[in-house]
Amino acid sequence: MLVMNRITAIMPYRTGRGFRRMVEPLIESSSVGRIIVIHGDERPPSLPKCEARRAPSFYDGRTWNELIEEIRTGFFLLIRDGDEVEAGSRALERLLETAQIRGAGMVYTDYWEEGAGGCRLHPVNDHQPGSLRDTFDFGPAQLFSTRTVRKAIRRHGAVADCRHAGLYDLRLKLSLEGPLFHLPETLFTVRRAGISPPALDLFSYVDPDNQAAQQEMEAAVTAHLKRIDAWIGPPFEPPPTIRKRFPVEASVVIPVRNRATTIAEAVRSALDQKTDFPFNVIVVDNHSTDGTAKALSKLSRTGKVIHHVPARTDLGIGGCWNEAIALPSCGRWTVQLDSDDLYSGPDSLQQLVSFLRQGRFAMVVGAYTLVDECFEMIPPGLVAHREWTDDNGPNNALRVNGFGAPRAFDTALIRKIGFLNVSYGEDYALALRISRRYRIGRIYESLYLCRRWSGNTDADLSIYEANRNDAFKDTIRTLEILARQKRNREAQP
């Protein structure tokens with residue numbers, strides 16, 4: 001029998017005064033009947049209501065199976081590992097009330113974030129079926145319905161016996177049994193000891209040091225996609241046979257707006273490519289106002305550079321790509337280059353096209369090196385996406401946030417599919433669509449220098465802008481899941 005109006009709190013142990021500040025409000029709360037403190041080698045001090053539990057990690061699947069089995073309260077509160085978290089006034093009562101009214105499997109909230117720069121509001125996104133990133137931000141604390149969690153485990157199996165992906169596996173299963181409800185109120189405050197460099201957070205899933213954790217996360221999302229009949233596997237279809245004649249073998253496509261300081265370098269990087277085939281460079285100038293057009297006018301005299309200004313003024317980056325691939329001058333293969341980046345050597349284009357010429361792939365992706373404004377390498381350096389596998393890459397791509405660069409496409413195929421007319425996620429959406437049916441080739445050596453600087457379109461985003469981008473990619477994934485489920489249904493005899 002569960003005590004429905006009571007909470008079991010589960011939290012990590014952290015040495016120092018921060019732990020006391022976290023645990024004391026829970027001890028004093030009449031809603032909390034028990035506090036389980038998960039620790040490693042160092043045992044927490046003895047405190048009222050608190051029970052110490054040693055575990056290999058806070059995310060250990062076996063530990064969570066044991067905890068879920070022994071909880072006797074209607075709800076349990078998970079406090080995130082890593083930061084000092086303080087519950088606001090009546091935060092626990094508000095969570096309980098919301099969970100009971102909504103019948104939610106989990107309730108999570110916005111929060112305050114306190115750091116060296118002061119205190120700021122940190123809203124989070126609503127959860128949807130495509131919210132498959134293991135880095136999805138549920139805030140610093142979540143309230144779970146014990147009954148719904150146990151129902152999810154009965155139906156879909158125990159939490160995976162793994163060290164890193166236990167909680168991720170649990171929430172994927174839980175999402176099939178009850179809503180993961182976002183309460184847009186700020187009920188907690190997070191105090192940051194320090195903030196990791198954004199580049200390291202963004203690329204943590206390609207860090208070789210995280211390989212074991214990433215393999216566990218991939219196994220969890222693969223099992224989830226199979227449960228919901230959205231998993232796809234080999235054999236994949238060969239690219240469609242194209243008999244149409246093209247004016248050149250390849251086109252390098254560069255969408256640009258107001259990049260007068262970098263566009264010439266990017267175009268020259270493309271013109272300097274050494275190939276055994278004819279190619280051109282298509283620059284789609286999205287009505288620049290800063291001298292970009294002037295810089296391009298000189299380069300266009302080479303005859304290899306096509307400076308195209310769309311008639312429309314409502315185009316995002318994806319819309320500019322659609323303009324480029326629709327041009328009669330576009331080549332048999334289309335290769336990406338951003339207006340502030342460079343190819344890393346004179347053979348990048350040759351390598352990409354040689355892969356496509358094999359006829360096995362509809363798209364090929366290389367590796368890139370992160371550099372600063374002066375083209376000096378910055379962490380994490382090479383981004384090669386070695387987590388990709390031929391058999392399961394298209395499924396794991398629904399968990400990670402990108403496919404990599406530079407990207408090269410079968411022009412005839414992407415003319416049929418088209419890009420979304422947006423300036424974020426347009427390439428990710430197209431790559432997911434391609435991977436649903438066709439093989440994607442990978443080149444794991446650096447072909448590209450990706451410059452991180454203040455002029456990047458994703459530089460210095462506010463939390464609201466970052467949330468909007470993340471929510472949009474979640475929506476892309478939701479739609480892709482539905483499309484894969486439909487394809488699997490139609491393929492059944």
Within region 306-318, identify whether any single residue is touching a Phe, Trp or Tyr at 6+ places or on another chain (Cβ under 7 Å), in contact (Cβ under 8 Å) with a residue 24 or more places away in the chain and closer than 25 Å to residue 370 by Cα, and answer yes or no. yes
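In region 43-74, which residue that is among the aliphatic types (A, V, I, L, M) and within 28 Å of residue 160 (Cβ to Cβ) is surrounded by the fewest Cβ atoms within 10 Å (Cβ to Cβ)? Can you show your working first?
First, pick out the residues of region 43-74 that are among the aliphatic types (A, V, I, L, M): 47, 52, 55, 67-68, 71.
With the extra rule that they be within 28 Å of residue 160 (Cβ to Cβ), the set shrinks to 52, 55, 67-68, 71.
Values: 52: 15, 55: 18, 67: 18, 68: 19, 71: 21.
Taking the candidates together, the pick is 52.
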Unique match (being on the phi < 0 side of the Ramachandran plot and part of a loop (DSSP other than H, G, I, E, B)) among 104, 152: 104
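For region 365-381, state whether one or more residues are closer than 19 Å to residue 324 by Cα and in contact (Cβ under 8 Å) with a residue 60 or more places away in the chain.
Let us first name the residues in region 365-381 that are closer than 19 Å to residue 324 by Cα, namely none.
Taking every residue of region 365-381 in turn, none turns out to be closer than 19 Å to residue 324 by Cα and in contact (Cβ under 8 Å) with a residue 60 or more places away in the chain.
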Would you check which residues across region 319-337 are within 20 Å of residue 375 (Cα to Cα) and surrounded by fewer than 21 Cβ atoms within 10 Å (Cβ to Cβ) and list them? 336
Using the structure shown, decide if residue 428 is crowded, with 16+ Cβ neighbours inside 10 Å and either of a type in the set (S, T, N, Q) or in a strand (DSSP E or B) (or both). no
Checking the condition crowded, with 22+ Cβ neighbours inside 10 Å and either over 19 Å from residue 405 (Cα atoms) or among the acidic types (Asp, Glu) (or both), which residue from 259, 312 passes? 259
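Condition test on residue 77, is it buried (at least 17 other Cβ atoms within 10 Å of the Cβ) and among the aliphatic types (A, V, I, L, M)?
Values: buried (at least 17 other Cβ atoms within 10 Å of the Cβ): yes; among the aliphatic types (A, V, I, L, M): yes.
Yes; evaluated as a whole, the condition is true for this residue.
Residue-wise test of (1) at pLDDT 95 or above; (2) over 15 Å from residue 329 (Cβ atoms).
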| residue | (1), (2) |
| --- | --- |
| 235 | no, yes |
| 242 | no, yes |
| 246 | yes, no |
| 252 | yes, no |
| 276 | yes, yes |
| 294 | no, yes |
| 303 | no, no |
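For every residue, the table says whether it meets (1) within 23 Å of residue 385 (Cα to Cα); (2) at pLDDT 95 or above.
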| site | (1), (2) |
| --- | --- |
| 447 | yes, yes |
| 468 | no, yes |
| 474 | yes, yes |
| 479 | no, yes |
| 482 | no, yes |
| 485 | no, yes |
| 493 | no, no |
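Could you say which residue among 408, 362, 412 is touching an Asp or Glu at 6+ places or on another chain (Cβ under 7 Å) and closer than 22 Å to residue 253 by Cβ?
Working: 408 fails: touching an Asp or Glu at 6+ places or on another chain (Cβ under 7 Å); 412 fails: touching an Asp or Glu at 6+ places or on another chain (Cβ under 7 Å).
362 is the lone residue from the list that is touching an Asp or Glu at 6+ places or on another chain (Cβ under 7 Å) and closer than 22 Å to residue 253 by Cβ.
Of these, 93, 24, which one is without any contact (Cβ under 8 Å) to a residue 40 or more places away in the chain and either surrounded by fewer than 17 Cβ atoms within 10 Å (Cβ to Cβ) or more than 26 Å from the chain's Cα centre (by Cα) (or both)? Don't jump to the end; show me each part of the working.
Values: 93 fails: without any contact (Cβ under 8 Å) to a residue 40 or more places away in the chain.
Selected residue: 24, the only one of 93, 24 that is without any contact (Cβ under 8 Å) to a residue 40 or more places away in the chain and either surrounded by fewer than 17 Cβ atoms within 10 Å (Cβ to Cβ) or more than 26 Å from the chain's Cα centre (by Cα) (or both).
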Among the residues of region 459-480, is any among the polar types (S, T, N, Q), assigned by TED's automatic domain parsing to the domain that holds residue 273, surrounded by 16 or more Cβ atoms within 10 Å (Cβ to Cβ) and in contact with a strand residue (DSSP E or B) (Cβ under 7 Å, 6 or more places away or on another chain)? no
Residue 353 passes all but one of (1) outside any loop (DSSP other than H, G, I, E, B); (2) surrounded by fewer than 22 Cβ atoms within 10 Å (Cβ to Cβ); which number fails? (2)
Taking region 1-37, which residues are outside any loop (DSSP other than H, G, I, E, B), touching a helix residue (DSSP H, G or I) at 6+ places or on another chain (Cβ under 7 Å) and not small (Gly, Ala, Ser)? 5, 7, 10, 11, 32, 35, 36
Hey, could you check region 116-149 for residues that are surrounded by fewer than 17 Cβ atoms within 10 Å (Cβ to Cβ) and part of a strand (DSSP E or B) and say which is modelled with the highest pLDDT? 121
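Yes or no: residue 100 touching a Lys or Arg at 6+ places or on another chain (Cβ under 9 Å) and not small (Gly, Ala, Ser)? Let's see the steps before the verdict.
Details: touching a Lys or Arg at 6+ places or on another chain (Cβ under 9 Å): no; not small (Gly, Ala, Ser): yes.
The answer is no for residue 100.
Each row is one residue, and each column tells you yes or no for (1) modelled with pLDDT of 95 or more; (2) more than 21 Å from residue 451 (Cα to Cα); (3) of a type in the set (S, T, N, Q); (4) outside any helix (DSSP H, G or I).
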{"position": "268", "(1), (2), (3), (4)": "yes, no, no, no"}
{"position": "273", "(1), (2), (3), (4)": "yes, no, yes, yes"}
{"position": "287", "(1), (2), (3), (4)": "yes, yes, no, yes"}
{"position": "300", "(1), (2), (3), (4)": "no, yes, yes, no"}
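The values are calculated or read from the model by the stated rules, or taken from the named source; none is laboratory data. This is a predicted model, so every value here is computed, not measured. In this analysis, Cβ positions are derived from the backbone assuming ideal geometry, glycine residues included, and neighbour counts consider all displayed protein chains.
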